[in-house]
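The values are calculated or read from the model by the stated rules, or taken from the named source; none is laboratory data. Worth saying up front: this structure is predicted, and the values here are computed from it rather than measured. Please note: Cβ atoms are built from the backbone with ideal geometry, for glycine as well, and neighbour counts cover all protein chains shown. Surface areas here come from the heavy atoms of the whole protein model, side chains and all, with no ligands, DNA or RNA. Shrake-Rupley method; radii C 1.70, N 1.55, O 1.52, S 1.80 Å.
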Amino acid sequence: MSMSLDVHGLPQSRVSNTVETPLEFSTEEGSLKIFGFWAFLAQDMILFATLFATYLILHNHTAGGPTSKDLFDVKGFVIETVLLLTSSFTCGLATFEMRKGNVKGTIGWLMVTVLLGMGFVGMEVSEFIHNVSIGATISRSAFLTGFYTLVGTHGSHVSLGILWMILIMIQLWRRGINAVTARKVFIIGLYWHFLDVVWVFIFTAVYLTGRVL
Amino acid sequence: MFEALFQYVNHNLIKNYMEYGADASIVMASLGIVFVLTYFKKWKWLWKEWLTTVDHKKIGIMYILAAIAMLFRGGVDAMMMRTQLAAPNMHFLSAEHYDQIFTTHGTLMILFMAMPFVVGLMNIVVPLQIGARDVAFPYLNAMSFWLFFFAALLFNISFVWGGSPDAGWSSYAPLAGAHYSVGPGENYYLLALTITGIGTIATGINFLVTILRLRAPGMTLLRMPMFTWSVLVTTVLIIFAFPVLAVALIMLLMDRLFAAHFFTVSAGGLPMMWTNLFWFWGHPEVYIVILPAFGVMSEVVSTFSHKRLFGYNAMVVSLVSIAFVSFLTWVHHFFTMGAGAAVNSFFSLSTMLIAVPTGVKVFNWLFTLYRGKIEINTAMLWALAFIPTFTIAGVTGVMLAAAPADYQYHGSAFLVSHFHYALIGGVVFGCLAGLYYWWPKMFGFTLNERWGKRAFWWFFIGFHVCFFPMYIVGLMGMPRRIYTYPAGLGWGPLNLIETIGAYAMGVGFILMVVDIALSTLHREQLKDVTGDPWDGRSLEWSVPSPAPEYNFARIPVVEGRDAFWMMKKGQTQRVDQSETLRPIHMPNNSGRPFLIGVAFFVAGYGFVFEQYILAIIGLLAILFMLAQRSFEYNTDHFIGVDEIRHTEATAGRL
């Protein structure tokens, strides 16, 4: 797909080819913002990579406090995983409905995504509260500092994503599906799937590994 | 008796005098600005034309003005340090003050002088060089600027409000932790850098997208001007390096405020992890500021040799390989950590490897000069001074890269001299070359050559007088970051020479300000009527000076490298002036980026003083304004054909 401006630099003047361009890519602005968001995700990936590296180095620095084996509850983190992976699927369905031009379907699936996301955040918060109640606070050991920071950063990303998704649902409700709202749905989808991928790494590198090592 | 009196004077009078002096000068300057703006009824003008602008050229100008102000502040810090070190056993500054001053000097010069200077040049030049009408995300660009601006403000008030950070610009743990750095000083450092870092990441993304997506038709990647290439590579470095800094800063902040244990000595924390994370950003950061300076060099040397840049492809390959290898060298900042022979050997070799592409670039500049029709002016002088100075930095860099020898150099004045050769000889000389070169494009008039050359010679000679003896005194064993030294070590005379050199640099800076002031006063005589005062080669010289808001009335079609040069030589078609004009789509101004900057300032201040209610208010205000933006749908407008015709006619283009 050609992305350059036309000779006069006018936006929104790109002629759609025989292959139909999706609505979110149909304007110059839309395609720029989607590309920009990919670059944002690249920097966010580095952010999480740093947190992962730190956590893995500090994993055994428990300073005589609780270890990952003591703390991690298999049932809890498996349910969290199921909730978040399902929400990624429903978010994909929302994009699918958006492509078909179905406003109600898009909002509906986004709503389901938000609810699943809230369930995930709720479980994480209760896990943290439980840990703190048994004395496993952020200042107990370097391991716990690394753990709360990595998992908490992911959790706050999800929470912001929920707020953002609600804003987009309101805009969809008011304005229907157009080039701008379609782009917003597409981008929040990218963000949500990215958080899902990060969670897969947390699930593996933090929770599963933490149960074994 | 005398000793006691001296101590009293030293601790109470001089210290207080300096603090009150700083307080008073800041208050006076602020009142002066308020008075001038009110007296000339300029508040509305300031808000409408500057504070709310999303125009990349105006944002670039604001970045550069801020950078020059910070160069002044950081320069005063440097003068104070050099005064203190001019002779053995001086008591101009106390140890405590000296620590604060070398910390703020380093932090300001890197993050609040070099960075905004480079980003300012990027802003002004890149869209014009690639034939675009603005950056990809103009509103975000304004936000980047205001985050930088309010972060700089936050950092600067530390000097008069609560105390400056004093753990060095690299802020090593555990020294910078809660236990050894009590008080808000270190928090100022952490918050200010976090806020400006967010802005920088946004700038990186913005210019990556701009360069990859908004080039004029026909401008393939290998037809881009070398400055644009250097910026493209820099944006990738920013995107991959700055998040690491942001995370490290937040971690140290959590250690300090919430008793976390990332870098503490107790409870399993690892102080050396801070050092690793800091330099994993810090080394690429050196290239984030130096690569654009390389880009400026390439433009200036080629323009004033009136020749094509020699070895274009080799230049691109060396830019990319420097960027890649720069992520593999961070341990050379702390060979003495004792990571072992294998690790140190790896980082020794990777560091030396960087000398290869850098050497390629130096030779390419020399071959560009070779048999060129060389024109000497202020911009070219800065560029020519860059080559030998930066080469000395490179050679001493290779010396430092030898890990066994580094055990000797580590933490010495030799190292301090090395990185000043790189950062002043490289970045500052490059930025000043760029400033003189692109000044007419920014303001529509050239700078006075006579004063410019005077400023250059004072600064250039002063620089070498200041920093060359520092290599020697470093080899003699003088450590960095000591506030005074005993007599009888043979360091005194060399230090005095250094101080004289530093003052000469100060004179050079003042002469440059004089040059800017005089040229502004006489701007009618220095007016650039052609838009192309240097017989330039790239597209920014094809538009009037200063460039109109929309940059290009008609987007040019590019058919080769040095696009504008080819058009002038009749090798390719010029832009067809008879072609009908069409309305131009432009982004609206917005006050919100400024207000978001204010909110970040409030939140940052709240965290610095651990007043969490204030911090939460600031954070909520940020979220609220981001949400507001999401609901904003009227974000742009069209400039009508009549207005374009009028603007072009005023610039003599119709």
### Task
Using the structure shown, decide if B:F263 is more than 7 Å from chain A (Cβ to nearest Cβ), in contact with a Gly (Cβ under 6 Å, 6 or more places away or on another chain), in contact (Cβ under 8 Å) with a residue 40 or more places away in the chain and assigned to a loop (DSSP other than H, G, I, E, B).
yes
### Restricting segment A:188-202 to residues that are more than 12 Å from A:C91 (Cα to Cα) and open to solvent by 40 Å² or more (accessible area, probe 1.4 Å), the residue that is farthest from the other protein chains (Cβ to nearest Cβ)
A:V200
## Note on the structure
Here the qualifying pairs (Cβ atoms under 9 Å; residues six or more apart or on different chains; first in segment B:574-589 and within 10 Å of another protein chain (Cβ to nearest Cβ) and surrounded by fewer than 13 Cβ atoms within 10 Å (Cβ to Cβ); second in a loop (DSSP other than H, G, I, E, B) and hydrophobic (A, V, I, L, M, F, W, C)) come out as B:E579/A:V7
### Query
With respect to B:I157, is the statement that it is of a type in the set (A, V, I, L, M), modelled with pLDDT of 95 or more and either under 19 Å from B:L232 (Cβ atoms) or open to solvent by 10 Å² or more (accessible area, probe 1.4 Å) (or both) true?
no
#### Entry: Residue that is farthest from the other protein chains (Cβ to nearest Cβ), among those in segment A:31-58 that are closer than 12 Å to B:F262 by Cα and surrounded by 20 or more Cβ atoms within 10 Å (Cβ to Cβ)
A:Y55
### Residues located in segment B:641-654, provided they are buried (at least 17 other Cβ atoms within 10 Å of the Cβ) and either at pLDDT 95 or above or in a helix (DSSP H, G or I) (or both)
B:I644, B:T647, B:E648
## Note on the structure
Wholly inside segment B:108-223, helices (runs of 4 or more DSSP H) that include 3 or more residues that are within 14 Å of chain A (Cβ to nearest Cβ) and out of contact with any Lys or Arg (no Cβ under 9 Å at 6 or more places or on another chain) are B:138-157, B:185-213
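Collect the residues in segment B:313-327 that are in contact with a helix residue (DSSP H, G or I) (Cβ under 8 Å, 6 or more places away or on another chain) and among the hydrophobic types (A, V, I, L, M, F, W, C), keeping them in residue-number order.
Matches in segment B:313-327: B:A314, B:M315, B:V316, B:V317, B:L319, B:V320, B:I322, B:A323, B:V325, B:F327.
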### Message
Cβ-Cβ under 7 Å, sequence separation 6+ or interchain: first residue in segment B:515-543 and more than 20 Å from B:R561 (Cβ to Cβ), partner among the aromatic types (F, W, Y) and surrounded by fewer than 20 Cβ atoms within 10 Å (Cβ to Cβ). Which pairs?
### Response
B:D515/B:W451; B:L518/B:W451
### Message
Which count do you get for residues in segment B:277-315 that are touching a residue at least 40 places away in the same chain (Cβ under 8 Å) and open to solvent by 10 Å² or more (accessible area, probe 1.4 Å)?
### Response
15
### Message
Quick check on segment A:135-183: of everything there that is without any contact (Cβ under 8 Å) to a residue 24 or more places away in the chain and farther than 30 Å from A:G30 by Cβ, which residue is nearest to the chain's Cα centre (by Cα)?
### Response
A:Y148
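Could you please give the count of residues in segment B:224-248 that are more than 11 Å from every other protein chain (Cβ to nearest Cβ) and either assigned to a helix (DSSP H, G or I) or within 20 Å of B:L140 (Cα to Cα) (or both)? Show your work before the answer.
Residues of segment B:224-248 more than 11 Å from every other protein chain (Cβ to nearest Cβ): B:224-234, B:237.
Next cut, either assigned to a helix (DSSP H, G or I) or within 20 Å of B:L140 (Cα to Cα) (or both) only: B:226-234, B:237.
Residues flagged as more than 11 Å from every other protein chain (Cβ to nearest Cβ) and either assigned to a helix (DSSP H, G or I) or within 20 Å of B:L140 (Cα to Cα) (or both) within segment B:224-248 amount to 10.
Could you check how many residues of segment B:424-446 are among the aliphatic types (A, V, I, L, M) and over 19 Å from B:F227 (Cβ atoms)? Give the derivation first.
First, the residues of segment B:424-446 that are among the aliphatic types (A, V, I, L, M): B:424, B:427-428, B:432-433, B:435, B:442.
If we keep only those that are over 19 Å from B:F227 (Cβ atoms) as well, we get B:424.
The total comes to 1.
Looking for whichever is within 28 Å of B:F459 (Cα to Cα), among the basic types (K, R) and in a loop (DSSP other than H, G, I, E, B) here; the options are B:R537, B:R523. Which one fits?
Numbers: B:R537 fails: within 28 Å of B:F459 (Cα to Cα).
Just one listed residue meets the conditions, B:R523.
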### Query
Of everything in segment B:362-380 that's open to solvent by less than 20 Å² (accessible area, probe 1.4 Å) and of a type outside the set (V, I, T), which residue is farthest from B:A433 (Cα to Cα)?
B:N364
#### Entry: Pair list, Cβ < 6 Å and 6+ apart or interchain, from segment B:334-356 residues that are at negative phi to residues that are assigned to a helix (DSSP H, G or I) and basic (K, R)
none
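Does A:V185 satisfy being open to solvent by 50 Å² or more (accessible area, probe 1.4 Å) and within 14 Å of chain B (Cβ to nearest Cβ)? Before you say what the answer is, go through the steps one by one.
On the way: open to solvent by 50 Å² or more (accessible area, probe 1.4 Å): no; within 14 Å of chain B (Cβ to nearest Cβ): yes.
When the stated conditions are applied, A:V185 does not pass them.
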### Query
Hey, among the residues in segment B:250-260 that are out of contact with any Gly (no Cβ under 7 Å at 6 or more places or on another chain) and in a helix (DSSP H, G or I), which one's surrounded by the fewest Cβ atoms within 10 Å (Cβ to Cβ)?
B:F258
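Just one of A:G65, A:G105 is surrounded by 15 or more Cβ atoms within 10 Å (Cβ to Cβ), free of Cβ contacts under 8 Å to residues at least 24 places away in the same chain and over 18 Å from A:V197 (Cβ atoms); which is it? If you could, list the steps in order and put the result at the bottom.
Working: A:G65 fails: free of Cβ contacts under 8 Å to residues at least 24 places away in the same chain.
Checking each option against the conditions leaves just A:G105.
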### Message
I need every pair where a residue in segment B:449-460 that is under 8 Å from B:M512 (Cα atoms) has its Cβ under 6 Å from the Cβ of a residue that is open to solvent by 100 Å² or more (accessible area, probe 1.4 Å) and not hydrophobic (A, V, I, L, M, F, W, C), sequence separation at least 6 or different chains.
### Response
none
### Query
Out of curiosity, is B:F638 more than 23 Å from B:F601 (Cβ to Cβ), open to solvent by 80 Å² or more (accessible area, probe 1.4 Å) and within 11 Å of chain A (Cβ to nearest Cβ)?
yes
### Query
Which one of the conditions (1) modelled with pLDDT of 95 or more; (2) open to solvent by 10 Å² or more (accessible area, probe 1.4 Å); (3) more than 11 Å from every other protein chain (Cβ to nearest Cβ) does A:I134 fail to meet, given that it meets all the rest?
(1)
